[in-house]
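For reference, the structure discussed in these notes is given below.
Every number here is computed from the coordinates shown, using simple stated rules; none is lab data. As the structure is a computational prediction, the values presented were derived from the model and not from experiment. When we count neighbours, we look across all protein chains shown, and the Cβ atoms used for this are built from the backbone with ideal geometry, even at glycine.
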Amino acid sequence: MPASADVTIRLLPDSLVNQIAAGEVVSRPAAIVKELIENSLDANATQIEVHTENGGSALVRVADDGCGIPAGELALALTRHATSKIGSLDDLDCISSMGFRGEALPSIAAVARLQLLSKVEMAGFASMIKADHGELSDVSPATGSAGTTVEVRDLFHRIPARRKFLRSERTENAQIEEIVRSIALARPEVGISWTRDGQCVLQSRSAETNPEQRIIDILGSGFVDSSLRVRAAAAGLGLDGWVGTPSIARAQPDRQFFCVNRRPVRDRVVAHAVRQAFSDVLFHGRHPTFVLNLEIDPREVDVNVHPGKTEVRFRQSRAVHDFLYRSLHAALAGTRPRAGDGPDADPTPPAANSRPESWHLGFRTASSAIGEASVPWGGLYSPTSADPVDSDPAYADPFRPGQPHDRPRPAASQPEMPPLGFALAHLHGIYILAENMHGLVLVDTHAAHERVTFEALKAQRDAGSIPVQRLLVPLRLAVSAAEADAAERFSDAAHSIGLEFARTGPVEVSVHAISSLLASGNVGQLARDLLGELAQEQGDPHWLTRRQDALLANVACRAAVRAHRQLTIAEMNALLRDMERTDRANQCSHGRPTWVQLGIDDLDRLFLRGR
Ligand code: ADP
Ligand code: MG
């Protein structure tokens, strides 16, 4: 506001109004891609082609074979609040089209150079109109086939204040990819392609009769293979789609596609219901994967919450929440171990919330009992390696068949009793029960193994380099274009943490070698997780060097023994010994305790002994 006394109220000129609206509707190139594709869908297109250049800031072009716009209406299409989709308040109450606000095209036209070319089937020729930062040209005849092509060039070119908010091309491309993928998954019946800087990075033909093919095109066959088909209906609500089993959960929430009436949305009610449904089958910090569509009476949901139309408000949000939770929970129940199943039959842990509320015993947690055992690194627990389990008495398997009586007595007088004692059993494949001189020791196998692996990787790195194991046959992974970009950008840096991969196509990466310590794990998942994480990174390639520790920690977490992997007594003892000589072994790399001590005194108290 200028420092004058002029406070007269006046109407803003249309061009300024449109620029202001553009702040919300056209926040970035990906939003333009979204609005233009939505218009094509509303025009009943069967084929949509998206072209972008320089992250969309130089060019976004969306061409469709839809119904087209008559020449006489081209100028109107670029006018604010002009729409063919709703005409009354009742219509607004029951929206079935993607658009309805009539502000996308005028907003875009206000902040860029726009060209709108269209032909309705009946017309003899196509017509064209141009707009340059809000100034419309006359309509002129043009050549073109039935349908509409919108070209947007030089976004924010004349609006430096907005231009400086554009992120790097890479970031903008990743956002565009996210939009194209989510719409492609929402509308499998429409053929769609995306050409980025002249290279076709995504292409999927109409999959009307076989929606699964669309999912394979966009997310790879691995997703479908490891997913559960969900179909549920109740009281006017329908849910249809796929949820990934916990085995393909991700390090980021980047494979979560949710639609309401085929409109991709983000919603807290939905997010909460999904998180709850997964809460007892997913490891902490992992994110579920899904492609889901909720069918609901349009009158029961308000999509006019935000100009971007990506948020919704349910009239009966509780009912929607419960329906989603129940449907997903039931679908996931199929992945839990049933009575009689071996512990290896399923990698998912049982209910994590079933810890008794009265967990108030005076446990000593790890830090008080072991102290900071900073013995130098001396070897790594590995279920398959020939550790000195047999030669060293401290590794003795107390229950080894044939010599049941020669295990070390857990008496305080016995000096060779190691701090964490000796393993007794592996409870549900999750917790190691061990006996030490104070009483009972409980170890979270995964957390402990994670810390041991992490420290070992760090030690190897500090000693020079992380030894890798080459894969006999490179593992080919179908990934997103953003992940493939990341593989290219960060390949040297990834190498330094023991992972060698190379981009082998626009959306393909192959893994050639992996740190020997991790080679027995699920290499594909590990590489996918890392790529997913790298793809989110905006920084320069040196960023990874700075964040090496955090990445090693994540890698160790993913490689660590999963719950329900039943360990032998010898393996458990080897892990206990490794914990004792590993720095920071009392907490996993996420800060959770790796073990607790339940002393004889605690047990006595528990049973009210001696009172
Ligand atoms: P809205 O989609 O909310 O109606 P827009 O500004 O996005 O508003 O579009 C304005 C109008 O232009 C639409 O209502 C539609 O009639 C017409 N239109 C836009 N894009 C297309 C297209 N690809 N094919 C046919 N008509 C279109
Ligand atoms: Mg629109």
Mean-position separation - Cα centroids, the range 268-320 and the range 416-451, in angstrom: 41
Rg to Rh, two decimals, where the range 46-110 supplies the alpha carbon set and Rh follows Kirkwood: 1.01
Per-bin percent of Cα-Cα distances, the range 204-263 [5 Å]: 4, 15, 23, 27, 18, 10, 2
Ellipsoid semi-axes in whole angstrom, largest first, where each is sqrt(5λ) of the Cα gyration tensor of the range 175-300: 23, 19, 14
Rg/Rg_ref, the range 171-226, where Rg_ref = 2.2 N^0.38 Å and atoms are Cα: 1.12
Peptide ranges 99-105, 571-577 listed from the most packed, as the mean C-beta count within 10 angstrom indicates: 571-577, 99-105
Distance from the range 74-103 to the range 184-245 (C-alpha centre basis), Å: 28
Listed peptides 123-131, 12-20, 35-43, 170-178 by packing density, highest first (mean Cβ within 10 Å): 35-43, 170-178, 123-131, 12-20
Projected area averaged over orientations for the range 88-211, convex hull of C-alpha atoms, nm²: 10.9
Kirkwood-based shape ratio for the range 25-134, expressed as Rg/Rh from alpha carbons: 0.95
Whole-number percent relative contact order across the range 1-136, with pairs defined as alpha carbons under 8 Å at least 6 apart: 24
The range 69-125 - percent relative contact order, Cα under 8 Å, separation 6 or more: 45
Sum of side-chain charges, Gly236 neighbourhood, beta-carbon under 11 Å (Lys, Arg +1; Asp, Glu -1): -2
Over the range 244-314, relative contact order from alpha-carbon pairs under 8 Å, at least 6 apart, %: 42
Convex hull volume of the range 498-537 per residue (C-alpha atoms, cubic angstrom): 69
